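The values are calculated or read from the model by the stated rules, or taken from the named source; none is laboratory data. Only a predicted model underlies this, so the values are computations on that prediction, with no experimental measurement involved. Because the Cβ atoms are built from the backbone with ideal geometry, glycine has one as well, and the counts that use them run over all protein chains shown. Please note that ligands, DNA and RNA were not included when accessible areas were found on the heavy atoms of the full protein model with its side chains. Shrake-Rupley method; radii C 1.70, N 1.55, O 1.52, S 1.80 Å.
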Amino acid sequence: MHKGRAVAAGLLVLAVTTGCKTITITPNGGLPPSTAPAPSVPGRADVLPAQTAHKELPRRTHATKAPRRTAKPVLAQGSRGPRVRELQARLAQLSLFRRKPTGFYGRQTAASVSAFQHQRRLPRTGTLDRATWHALHSCTRPPTRAETHPHTRKTAKKPTRKPAKKRVPRPDARCMTGRVLCVSKRSNTLTWMVDGKVRSTMDVRFGAQYTPTREGTFRIAFKSRSHVSSIYHTPMPYAMFFSGGQAVHYSPDFAAHGYQGASHGCVNVRDKTRIAALFQQVSPGDKVVIYK
């Protein structure tokens, strides 16, 4: 009896060796005190870890638009190169540029661009901005090589004979009485007449297709010896105004390039000596007759 109790008491602590690991059986159910699960407290809720504070996300702010910058001109006075030649050739298709393309953006090119902008109701800056460039593209065709690089003929020898005098056609009947500047578009001549007698004759040129010189009978309103255009900012020496901004005046461009160019409606004279003498003789109120 006593022997059986001793055996039972010895079984409370029994070391069983299984393989290489030793398992200790104890009264708490066979697990060591350090590994036994902690008893749950009845009626007590599980404690959850504290929630982290919700961080407020930054609000999206609409990006402010940068102020629009003024578009830089595509071409302006002083520009050079093939694009200038293309511009001049396209303007020539519209009879706004009467010279041969040079590849240089000068005052004549600026005046032609300004005339085109006026036709298209664009700001008349004289510089080729993107809006003007697109408008010009839409109403012209791509120029050919011959149009952008025309051949220039050089005369080997100067003519020995004097050129024959230009035949002046019979003047218009309105020119036969009084003091009259008689201007013929057919012969490109201006004849200063007093009571039907010719006092002097000189070559002239007129406005382009979109800036034509007006025809009819007018009177000299006023004269300005050293006039400068307020629109195109070009000199108009010996100007004699007869219809609004249109006047008879000397043109250095006409003297240099002849009929390759055109005016913006004025009657251009290329002989400075003759126009200077005419300026001294003509008075405000004298008649101007322009006809074909």
Item to complete: Could you look through segment 92-126, keep only residues that are open to solvent by 40 Å² or more (accessible area, probe 1.4 Å) and touching a Leu at 6+ places or on another chain (Cβ under 9 Å), and pick out the one that is nearest to residue 236 (Cα to Cα)?
Response: 119
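Suppose the filter is surrounded by fewer than 21 Cβ atoms within 10 Å (Cβ to Cβ) and either out of contact with any Leu (no Cβ under 6 Å at 6 or more places or on another chain) or of a type in the set (Gly, Ala, Ser) (or both); does residue 239 pass it?
Here the answer is no, as residue 239 does not meet what is asked.
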Item to complete: Find all pairs meeting these conditions: Cβ atoms under 8 angstrom apart; at least six residues apart or on different chains; first residue within segment 228-251 and under 19 Å from residue 114 (Cα atoms) and among the hydroxyl-bearing types (Ser, Thr, Tyr); second residue in a strand (DSSP E or B) and open to solvent by 20 Å² or more (accessible area, probe 1.4 Å).
Response: 229/235; 234/228
Fill in: Of all residues making up segment 83-135, the number that are over 12 Å from the mean Cα position of the chain (by Cα) and in a loop (DSSP other than H, G, I, E, B)
14
Discussion item. Scan segment 136-159 and tell me whether some residue there is modelled with pLDDT of 90 or more, in contact with a helix residue (DSSP H, G or I) (Cβ under 6 Å, 6 or more places away or on another chain) and in a loop (DSSP other than H, G, I, E, B).
Written reply: yes
Item to complete: Output the residues belonging to segment 187-198 that are surrounded by fewer than 18 Cβ atoms within 10 Å (Cβ to Cβ) and touching a Ser or Thr at 6+ places or on another chain (Cβ under 8 Å).
Response: 195, 196, 198
Discussion item. Contact list please: Cβ distance under 6 Å, first residue in segment 101-126 and polar (S, T, N, Q), second residue not in a helix (DSSP H, G or I), pairs at least six apart or on different chains.
Written reply: 112/96; 112/97; 114/124; 114/126; 117/124; 119/210
